[in-house]
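Structure, as structure tokens:
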Amino acid sequence: MDIEEAFRRLARWSGGNEDVMHGIASIVTYHFGPEARQVLLGWFFDIEESMRWDPRRYWHLLNPEEVKRMAAQRRAESE
């Protein structure tokens with residue numbers, strides 16, 4: 001399931017459809033042994049950790065007042 005979730009996150013972050021990877025956990029378990037699954041998951045973590053962080057992706061999780069402050073600051077910086 002961890003590998004399926006990693007595939008889904010990678011699909012979402014790359015702009016793809018994350019539902020394409022729904023239900024692949026049993027297929028991954030069938031085709032890859034425990035050691036291969038561990039290596040594969042490690043590679044996914046390496047990819048995730050190397051991605052550039054974009055705060056705009058997380059605005060919906062921030063306090064609305066903080067979002068307003070950040071937007072005002074960006075407007076002031078661009079002027």
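Some notes on this structure:
- Of all residues in region 66-79, those that are open to solvent by 100 Å² or more (accessible area, probe 1.4 Å) and either modelled with pLDDT under 80 or closer than 16 Å to SER14 by Cβ (or both) total 1.
- Within region 7-38, if we keep just the residues that are β-branched (Val, Ile, Thr) and surrounded by fewer than 12 Cβ atoms within 10 Å (Cβ to Cβ), the residue that is modelled with the highest pLDDT turns out to be ILE27.
- Matching residues, region 47-64, being modelled with pLDDT of 80 or more and either farther than 26 Å from ASP2 by Cα or surrounded by 10 or more Cβ atoms within 10 Å (Cβ to Cβ) (or both): ILE47, GLU48
- Residues that are part of a loop (DSSP other than H, G, I, E, B) and among the small types (Gly, Ala, Ser) within region 15-51 comprise GLY15, GLY16, GLY23, GLY33, listed in sequence order.
The values are calculated or read from the model by the stated rules, or taken from the named source; none is laboratory data. Model, not experiment: these values are computed from the prediction. Note that we place each Cβ from the backbone using ideal geometry, even for glycine, and neighbour counts take in every protein chain shown. Please note that ligands, DNA and RNA were not included when accessible areas were found on the heavy atoms of the full protein model with its side chains. Shrake-Rupley method; radii C 1.70, N 1.55, O 1.52, S 1.80 Å.
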